[in-house]
Amino acid sequence: MATNPPTLLLLILDLSPSTWGHRSIIRTAKDKALAAKKKSSAGPAVIDDVIESSLAFIAAFCALNRDNVVVVIGATESEVGVVYPRKGGDGSMNDVVNSRGSERVDRGLMNDYVRLGVAELVKRAAERREQTEKQREQSGEKIIPVEEGVAIASALSLALCIINRFMVASHAGVSALSDATTTYQRRDDEGVLALMGGDTGSGSNAQEPPQRGLLTPRTLIIQSSPDRTSDYNALMNCAFAAHKQNVVIDGCFIPSDRKEDPTSSPYLEQIVHQTSGNTGNGIYLSVPKGPAQVNGALSEVLLSVFLPPIHLRKEMNLPKLNQVDFRARCFETGECIDIGKVCNQCLSIFKERPRERCWTCGAKVRLKANGGSAKRMKVDT
Amino acid sequence: MSASSPSNTATASTDPRPQNHTWEAHSASSHWADIQEDADGNLLLLDPSRHLSIASQIRRRRHRLASTDVSRREKRLARHMLRHVYLILDCSRWSREKDPALNNKLRLEIMISTSVEFVLEYYDQNPLGHLGIVLVREGEAEMLTTLGGSPKRHTLALNAALVSEMKRSGGKKGEFVGGEFSLQNGIEVAGRSLGYAPRYGSREILVVTSALATCDPGDLLGETLPRLMSAGIRVSSVSMQAEMHVCKRLAEETGGLAGVCLDGRHLRDLIMGHAIPPPVSASSFEREALEREVEVGDSNNTTNGQQDHEHELVCEFVTMGFPSKDGRDVPTLVHSTGGVIFGSNNAAFSINPAAVDDRRNNRLIAFTRTGYVCPRCRSRCSDLPSDCAVCGLRLILAPHLARTFHHLFPVRPFEELDEAEVLANIDTNGDAITSDVNGEKINGMRGLEALPVLSSSAFTPLASITSSSASASFVVSSTNSNSNIDIRQNGSQSNHDTTNSKIINIGPSLVAKSTDCDRCCFGCLKIIGCKPVPSSSSDEKKNRKCNSGSIAAEETESILRFQCPECKNVFCPDCDAYLHETLHNCPGCLCS
């Protein structure tokens, strides 16, 4: 383990009150029924389980290497927030980035911050929901309801920003902004350029690629709400940016055991697949339904699947992502299609070629008869 | 920077006409200001940028990126989403010279290493694009790689070319290794191949030259240019040495861009600028318009960003396949480009991996467990995007389309928050804020420097997460605390000056919006827009444990704040650059 580099873990928690409220209703009902039969709970996980398991997971993660760093981000329907570390105060983000203090993760503080932060985020989301409901009642008209799902794309963007900050800091040397040599290097361009490894070819083309920062970044998303369609492009942007910086994204989906709810998150699958292209070791897991989600079993799942350091993963028998559904959806009808017509201006996908105008960008469709004859324009020589 | 406007000179290096170039705008004497004498009487050339604070450097960089941005990436424009680009590299004897502007390295080396970067960036930005590379030396053009979709192939070929070219230079000591540069031959070779590129995509040529002259068999401007125009090929050029008139003319006529690099970094900026898909040019609109006249004329105009509004956007639908990934227990035959697959441990066995530089793409056959199944002919291929080896269907993944979308819907540029203005606003709002002064900050400081002061909150009890009043004792004596907002004004200090500096306590409260705390970056929680409390100010350091030293270093940089015009969240310069240049998302706008 001597070569095990310290890791920066970004943990993204889905805290959407509506999802978890729903789960807890199901859980209570089921538990009652099971208790009548003197059986232990087998219902879906509720938010307490997840928080508890996550904290256990973080504890284990910090135990792997005392230089490991954890950042926890919470996401609700319409808000995201970094719950640990906070912007100021004790063990603030500044301290963590500049690795001041003996240990980089203050566990007691973290437990408090995470619990309090989760509570605050959930409260705010609930209040917000209440307010919109009230407004709707008052005005009498239908206000567009808050979109279901959770702002995972926003949380992931935030996570990547934070990774970027860590990398800038570690690349320039810890708190080395005062250092004369690095300030000189940072002149003009490099100061704000993301100084991630390999990305810094500017001006120093023939130099060997700079060493990686001290920390190996990785991200774990724990999601339980259904995907949000409007987030797709943003998620893909995140996936490509993460891929560029060799950030491994792991996804953990916690399904409820109702039939109507999705059992998996296709978007999460896709971003995990997209970022694991190089090294092939991003992990996606949809936690099995039933008893695997309760009574501490969730901690076990997290620990056994997501804990191993990235470079050990290929030696282990971990869940593999073999079949990923990449089929696109028709922009018009919404059905899944294998072969589609793609507009060359706006890249919308249609099952049938629109007759006159592209539905999305309004461009006029070039008639095929004409297009066919002059399909190829040669440069005569 | 230089050379962005027309000139009528035959060769720009010898006979510059006194207009239109940036450097000509300076009066000649102004350059003497940059030269100073040191104590020993040596002349020193002062780098003007050296005097600038980091903040103004960042501003300059933003400004420069915005101004040299060839593709206007911040704007919503109609763009060529499916590009076909040929990169013409000048490997003539001119490229074998060491260039003092480029760290005293061979131009060839710099050019090829920048090109490798460009290839990667190109495919990153345009997953659906095609790229080819042409080398020009000895007055001849050689097709290094044909138009294709595999970055691996190009980078391999480029690296191999660099090795072989360096060997040639090393072997013969003569200065004529590499011979002359022939622009016409290069463009003919590339253009002929581009002529077969489908019409729904763009056709572009990017020339990187080191030569000061071109040695052509015919009349470039007379013969080749009209054909380029008729085929709608856009020729851009980046010169490593000096501007060539012919490049400039070609760029002007075909709607491309001509640039001359100042140094290595600028060269990289110029070349990388071409990785962003260019706006659909007016000339191609005219072409479309001409074609449409033949068709049934129908004048329903769609507005189109900046171009002439009379031109209507015309689109064409391209049939593409969206394969699904398929894993099996036993390895099966797949078509591969030889790119990714041999590196991974997926491949059980592969036929002829040596023929990676095979002219035809996608013709290698390998045994692997996983592959993408073509929806039309059910053949399997290993890496995407590519054309199906059997039926020729263009195979892509939905993420590749999504990758390209950010060009169409870019993140709006963030606005810099002017500190003086913000403070003035707060004051007029009477937001329970009283101006406080610490005497030493006022003299001679302009608006921007009159900053709020960050007090390092050494310790704040947890209770203050929800009730902020508890942390008040750690700020200065009395505070007007807004209930949940961490900006606290120190009203009790009784210096009576009028600068707008105030004391902010950055506590550990949650930031889910920048209205919660507008002094820390929404993205990375970096504390911005304020300075740590100077330890020398005597009345404050009593009740504060000050660890300002570490923050002081970032001071100049961290006074900059940028605000997203849509979600009003505040970001630090690092996140601003990262969000716009790499991520293409605004985290604030995503959670509305």
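The values are calculated or read from the model by the stated rules, or taken from the named source; none is laboratory data. Treat the numbers as computed from the prediction; the structure is a model and nothing was measured. So basically every Cβ, Gly included, is an ideal-geometry build from the backbone, and we count neighbours across all protein chains shown. Protein only, heavy atoms only, side chains kept; ligands, DNA and RNA dropped before computing areas. Shrake-Rupley method; radii C 1.70, N 1.55, O 1.52, S 1.80 Å.
Applying a 10 Å radius around every beta-carbon, put A:122-132, A:337-347 in order of their mean neighbour count, most first. Walk me through the numbers before you get to the answer.
Values: A:122-132: 15.1, A:337-347: 22.0.
Put in order of decreasing packing, that is A:337-347, A:122-132.
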Partner shielding of A:240-246, as the mean number of partner chain Cβ atoms within 10 Å, equals 4
May I ask you to evaluate 6.51 cos²θ - 1.76 cosθ + 1.60, the Karplus curve with θ = phi - 60°, for each residue of region B:368-375 and list the ³J(HN,Hα) values in order in whole Hz, giving x for glycine and proline?
9, 7, 10, x, 9, 9, 5, x
I'd like the mean, over residues of A:324-331, of how many other protein chain beta carbons sit within 10 Å of each residue's own Cβ.
5
Sequence-distant or interchain residues sharing an amide H contact under 5 Å with residue A:286, placed H: which?
A:253
Which residues qualify? For residue B:262, with a placed amide H closer than 5 Å and at least 5 residues away or on another chain, they are B:267
Rounded to the nearest 10 Å², what accessible area does residue B:580 have for a 1.4 Å probe in the complete protein model?
20 Å²
Just counting partner chain Cβ atoms within 10 Å, what average do the residues of peptide B:79-92 show around their Cβ?
1
Pull up all non-local amide H partners of residue B:365: gap of 5 or more, or a different chain, and H-to-H distance under 5 Å with H placed in the peptide plane.
B:336, B:351
Derived scalar couplings ³J(HN,Hα) [region A:14-21; Karplus, 6.51 cos²θ - 1.76 cosθ + 1.60; whole Hz; x for Gly, Pro]:
7, 10, 4, x, 5, 4, 6, x
The A/B contact buries a total accessible area, at probe radius 1.4 Å and rounded to the nearest 100 Å², of 10300 Å²
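Packing-wise, with mean Cβ within 10 Å as the measure, how do A:247-254, A:114-121 rank, highest first? Could you put the intermediate results ahead of the total?
Working: A:247-254: 25.6, A:114-121: 20.8.
Most protected by this proxy first, the peptides run A:247-254, A:114-121.
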